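Worksheet for the structure shown next.
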Amino acid sequence: MPTAIEIFKLLPKKNCGKCNYPTCLAFAMQIANSKAKLQDCPFLSEEALAVLAASAAPPIRLVKFGSGNKVIEMGDETELYRHEKRFFHPTAYALTVSDALDDSAIAQKVERIANIKFERVGQELRFDAIAVKNDSSDAKRFKEAAEAVAAKTDLPIVLVSRSPESMKAAAGAISIRRPLLFGANATNHVQMAAVAKDLNCPLVVSEGKGLDALANLVQLVKSSGIEDIVLDFEAGSMKQLLERSSIVRKVSVKKTFRGLGYPILVDAGSGEPAILKGLLATMKYGSIVLFDELSEARAHPLFVLRQNIYTDPQVPIQVKPGVYPVNAPNESSAVLFTTNFSLTYFTVLSDIEKSKVPIWLLVVDTEGLSVMTAFSAGKLTPESVNACLEASGVKEKSKSGEIIIPGMVSRMSGKLAEATGLKVIVGPKESSGIPKFLKSR
Ligand code: SF4
């Protein structure tokens, strides 16, 4: 993003106020802070608009593939480190289907991919895309396999082939799904770019000789009219992958070098190295990772890592405050409260479920803070718990006259009893103690 002074130099300098700011300089300062739009100035010349729009474009281009409500967005990142603001577009994971399989084996694999899913802190974690590989080297078979996959799933598709003929056949057959074409290199880029341009599909550009060679190849592809480009380093080692990913992100974000300002694809392959590449790509700027195969056990830690990295560090994941019945409670069941920090809620929920004791679980709004943090920050008080009790209507549902509180906030017992009129029972300090505690009551 250009500075306010650089923007100001290109403005008409009429100081007319039609942009809702009193002077052109004030408008320039708002643009520089992303608080106003260039279009708000009716006197901006087309040339100035083009120059400013180009310099204000994200350092890493936003590239999308897929169709309907299944579109994967890659790139458009602005930070080198997550704590500086946040990362926006989580690394997409794709599993591969080979066109050497027959149609029934393809259908089975696609179904298996669709069925791999995990739930964690209220979010569903699953594969985002399917890659179809042209192992047969046969254009007709590649087209049939792409069609078979497209018919079986609405997930976005990556087509993997170095043959422009195969790519044209398969991509043409499923162009309505706007697949990502993974196939351009130094040898075939002219033909591959023609296919991508013809079908308006994003194109992966592969070059293993280093970043200078990759930047040159990207420039050639770009000059043939392709804007939606994805980079593949063809990294031979973890060290190479780490170095090239880090350099690309650094020069794009810090130096605004647009020659490599594109999302990164990592073809992780299979086995143990694939897991390590997947982990590295998730941590260091990979936008999409292709795996030949990945068991549920190996996929799970990757999904969890991705979820953690791509959660906004300034906004804790929260659940809706209110009352939740656990293990089919009735009027004689006690109320137990916790906070609306997702990780706390789901841990407590799971421990109550383990106990099989019916409970009304009251979730108090602490702006997503955990019990001890919220208590220390004054966001979990006897008054806020009582307000939540009243607002949730749980007093109508539970006539037990009891409320169980986390052991860590035992200090609020007296005041909470006064505020609520309920008998306060101090529960365990750790959630893991809940099953034993509830069963022993
Ligand atoms: Fe300046 Fe344009 Fe705003 Fe008028 S509308 S004050 S010319 S920026």
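Here are a few things to note about the model shown:
- With only Cα atoms counted, the range 386-441 has Rg and Dmax values of 11.8, 30 Å.
- Taking a straight Cα-Cα cut-off under 20 Å and skipping sequence neighbours fewer than 8 places away in the same chain, the aspartates and glutamates within cross-link reach of residue 436 are 351, 353, 402.
- For the range 63-309, accessible area per residue (1.4 Å probe, heavy atoms of protein chains only), Å²: 42
- Using alpha-carbon coordinates, inclination of helix 164-173 to the longest axis of the chain, degrees: 50
- Cα-only Debye scattering, the range 63-309: base-10 log of I(q)/I(0) at q = 0.10, 0.11, 0.16, 0.17 Å⁻¹: -0.43, -0.53, -1.18, -1.34
- Charge dipole of the chain about the Cα centre (unit charges at C-beta), most positive-ward option of 180, 385, 53: 385
- Volume of the convex hull of the range 322-440 (Cα atoms only), normalised per residue: 84 Å³.
- Binning the alpha carbon pair distances of the range 219-305 at 5 angstrom intervals from zero yields the distribution 3, 14, 24, 21, 17, 11, 7, 3, 0, expressed in whole percent.
- Extended-chain gain in nm, criterion 0.36 nm per residue less alpha-carbon gap, residue 84 and residue 397: 108.1 nm
- Comparing Cα centroids, the range 381-441 and the range 325-362 end up 11 angstrom apart.
- Model label sites at residue 331 and residue 292, defined 7 Å from Cα along the beta-carbon direction, differ in position by 6.5 nm.
- Phi angles across the range 357-373 convert, under the Karplus curve 6.51 cos²θ - 1.76 cosθ + 1.60 with θ = phi - 60°, into 3J(HN,Hα) values of 8, x, 8, 8, 8, 9, 9, 8, 6, 10, 6, x, 8, 6, 4, 5, 5 Hz, Gly and Pro given as x.
- Heavy-atom accessible surface of the chain: percent carbon and sulfur, 1.4 Å: 53
- The range 4-56: equivalent-ellipsoid semi-axes (sqrt of 5 x gyration tensor eigenvalues, Cα, Å): 15, 12, 10
- Reach of residue 429 by Cα under 18 Å, taken over lysines that are not fewer than 8 positions away in the same chain: 354, 439
- Rounded to 10°, Cα long-axis angle of helix 382-392 versus longest principal axis of the chain: 80
- Cα→Cβ-extended label distance, 7 Å offset, between residue 16 and residue 73, nm: 3.4
- In summary, the aspartates and glutamates within cross-link reach of residue 395, defined as a Cα separation below 19 angstrom excluding same-chain residues under 8 places away, comprise 331, 365, 383, 418.
- Amide H contacts of residue 98 (H built 1.01 Å from N, under 5 Å, at least 5 apart or other chain): 133
- Summarising the strand pairing of the range 322-440, around 30 percent of its internal DSSP beta bridges are antiparallel.
- Geometric descriptor of the range 1-160, per residue, is 178 Å³ (volume of the convex hull of the Cα atoms).
- The spacing between the range 1-78 and the range 170-184, judged by their C-alpha centroids, is 32 Å.
- For the chain, the pair-distance distribution built from all alpha carbon pairs, in bins 10 Å wide starting at 0, is 4, 17, 21, 18, 17, 14, 7, 1 percent.
- Positive-end residue of 410, 241, 113, charge dipole of the chain with Cβ unit charges: 410
- C-alpha long axis of helix 271-283 to longest principal axis of the chain, angle in °: 80
- Once the C-beta distance of residue 240 and residue 186 is scaled by a Förster radius of 22 Å, the resulting FRET efficiency is 0.80 to the nearest 0.05.
- Gain upon complete extension [residue 62, residue 175; 0.36 nm per residue less C-alpha separation]: 38.7 nm
- Rounded FRET efficiency, nearest 0.05, which uses the C-beta distance separating residue 310 from residue 441 and R0 of 45 Å: 0.65
The values are calculated or read from the model by the stated rules, or taken from the named source; none is laboratory data. Computed from a predicted structure; not experimentally measured. Ideal geometry is used to build each Cβ from the backbone, glycine not excepted, and the neighbour counts take in all protein chains shown. Quick note on the areas: whole protein, heavy atoms, side chains included, nothing else; ligands and nucleic acids left out. Shrake-Rupley method; radii C 1.70, N 1.55, O 1.52, S 1.80 Å.
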